[in-house]
Each structure stands twice: as structure tokens, then as C-alpha cells.
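Quick notes on the structure that follows.
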Amino acid sequence: MANNIERGRSAASSCVVSEHEEHASGDAGEKRPKRKGRKVLFIVVSSSILIAGLVCAAIAYFSFVQPSQKYAEAMDAFDSGRYDEAEAAFSDLGDYKDSKEKITSCRFGKFIDYVSDEGTIKITEGYATASLAMTANGTMTLRVDEEIKTSPTVYVTKNTAASIRPGDTSVKVSGTAKGQASIYSYATITLETDWDIAKYTKDKSISWTTFKSVGHNESLITSLVPKSAAGDIGMMMKVVQKAIDDSRIDITVADLGFCAYETGKSKTAA
């Protein structure tokens, strides 16, 4: 009897222990999925942050670092006189910094080299010859030589010139005219005027602001010299255009600063 009672107690105890273990096992089973979910969430968040960082780094590189490097390489080519290479590089950079302006600078550099290699470029119309020469720093020297004759014994030799540096918007045109009608009629005339390049147009007349003669009975000689400088300036522009045409460089007189002359309209005009 006592044994049976003891066996009953053991069985009851075993049932209690078993129920407790099952309950504990159930709690553990509920906790494991929560821990696993947190781990997955951590991995997803970490990966997202890493990907976002890589994307930002790529954007920064292609938007800032790479263009900056390419711009520096283009400038190095430009400074070294490799204008074709520099022009292509600036073209690839699009709107980055002043790349578009640098393209024009590259073409101007090629134009300087072309004129320098050619030496003096000339055109002749009637008795007038216009010439263009270029210095190493890009200064254009324009000159017009003209001989005016009304008879074998009456003549005037006129020479005018202007030097235009890159960026000049106004320059001085100056020269002299020397003539003789007879041993008693001769004169030397000093000519000078300011040429406002940016506003000067093809159909605009510009007078010599200085027209001073020295000689003897010089009225006949002075009457042969035009009081307008438009003819000389027109010839200077024509020789510049000839140089551009002959060079076949994609540049215009506007790129060289002669904007108003090319359009035939003053910049200040409505």
C-alpha cells in the first residue's frame, strides 16, 4: 500500500516536472525567433547604410573628384600648348567651371600658333595692303600701307597700324601720311584715333581725332588723305577674317573681340 502511494507521488511529480519543462521549452521557443529577427534587422540596416555610403561616395567621385581631375589635366594640356587635346577635354567637361570659355581659348591658341607659323598674312585691295602678324603672347599687329596717286607727280604714302592684345576692347590706331605734289608742295600728316572695337560696326564711320599736317603749301596733299579712319579699320578687319578663313579653325571675329563688327550692329543698340 505504502509503495503504491509512493509510486503515485513519483508519477505526479514527474508530470509536474514534465509540464514545467514543456512550459520552459515553449518560452525558449518563443524567444529564439525574436532574437533571430533582431539579427536579420541589424544585417539589413547595416547593409542599407553601407550601400548608401557607397552610392554617396560614387556620386561625390563622379560629380566632384573626377571632373576636378579632368579639368586639371585639361589645363595642363592647355598650358603646354596642346590645344587640340585640351579642347577635347574641356568639351567632355560640359558646364563644369569655365570649360566652355576655355574651349574658345584653345581655339584662339591654335589661331595664334597658325598666324605665328605663317608669318605675315596680307591682303591687297587697290593701292592698299593690309597685313597681320602675331606675337608669342597673342598680340595682333595690324597694319595698312597705302599709296594714293592722282598723277605721276602727285602722290601720298600712308601707313597706319594698331596692336590688339587679348581682351582689349579699345585700341589706338595711328600712323602718318607723307605726300608731295611738287618741290614746293609737300606735307607730313600725323593720324591718330581711338578704335572702340566692341562697339564699332561695319557701316560706321570714324574720324581721325588727330589730323595734323606739317609742310609747305600742303593743302593739296592733305586734301588727298581721307578724314575718316573707316577705310583703314575695314582693311584691318578683312585681313583678320582672311587669317581665320585660311586657318580653318572654328573661331570667329567675335571670339577675337570684334563682336559688333561681325554682327554689323552695336552692342549697345536695341
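Points worth noting:
- ALA254, sole failed condition from (1) open to solvent by less than 40 Å² (accessible area, probe 1.4 Å); (2) assigned to a helix (DSSP H, G or I); (3) free of Cβ contacts under 8 Å to residues at least 24 places away in the same chain: (2)
- TYR184 fulfils the conditions (1) of a type outside the set (Val, Ile, Thr); (2) open to solvent by 70 Å² or more (accessible area, probe 1.4 Å); (3) over 20 Å from TYR261 (Cβ atoms); (4) modelled with pLDDT of 90 or more except for a single criterion, (4).
- For THR193: the one exception among (1) among the hydroxyl-bearing types (Ser, Thr, Tyr); (2) open to solvent by 60 Å² or more (accessible area, probe 1.4 Å); (3) over 30 Å from LYS110 (Cα atoms): (2)
Table: residues versus (1) at pLDDT below 90; (2) β-branched (Val, Ile, Thr).
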position	(1), (2)
ARG143	no, no
ILE148	yes, yes
TYR155	yes, no
THR160	no, yes
SER170	no, no
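- Residue under evaluation TYR83, criteria (1) open to solvent by 30 Å² or more (accessible area, probe 1.4 Å); (2) touching a helix residue (DSSP H, G or I) at 6+ places or on another chain (Cβ under 7 Å); (3) without any contact (Cβ under 8 Å) to a residue 24 or more places away in the chain, criterion not met: (3)
- Any pair with Cβ under 8 angstrom, 6 or more apart, that starts in the stretch 207-224 at a residue that is modelled with pLDDT of 85 or more and ends at one that is basic (Lys, Arg): SER207/LYS227; TRP208/LYS227; PHE211/LYS227
- Hits in the stretch 91-146 (condition: assigned to a strand (DSSP E or B) and either among the β-branched types (Val, Ile, Thr) or open to solvent by 30 Å² or more (accessible area, probe 1.4 Å) (or both)): ILE121, LYS122, ILE123, THR124, GLU125, THR129, ALA133, THR141, ARG143, VAL144, ASP145, GLU146
- So LYS202, is it in contact with a Phe, Trp or Tyr (Cβ under 7 Å, 6 or more places away or on another chain), among the basic types (Lys, Arg) and open to solvent by 60 Å² or more (accessible area, probe 1.4 Å): yes
- Residue list for the stretch 190-226, restricted to those being touching a Leu at 6+ places or on another chain (Cβ under 7 Å) and more than 20 Å from MET237 (Cβ to Cβ): THR210, PHE211
The values are calculated or read from the model by the stated rules, or taken from the named source; none is laboratory data. Fair warning: this is a prediction, and the values are worked out from it, not measured in the lab. Cβ atoms come from the backbone with ideal geometry, glycine included; neighbour counts cover every protein chain shown. Surface accessibility is based on the protein's heavy atoms, side chains included, excluding ligands, DNA and RNA. Shrake-Rupley method; radii C 1.70, N 1.55, O 1.52, S 1.80 Å.
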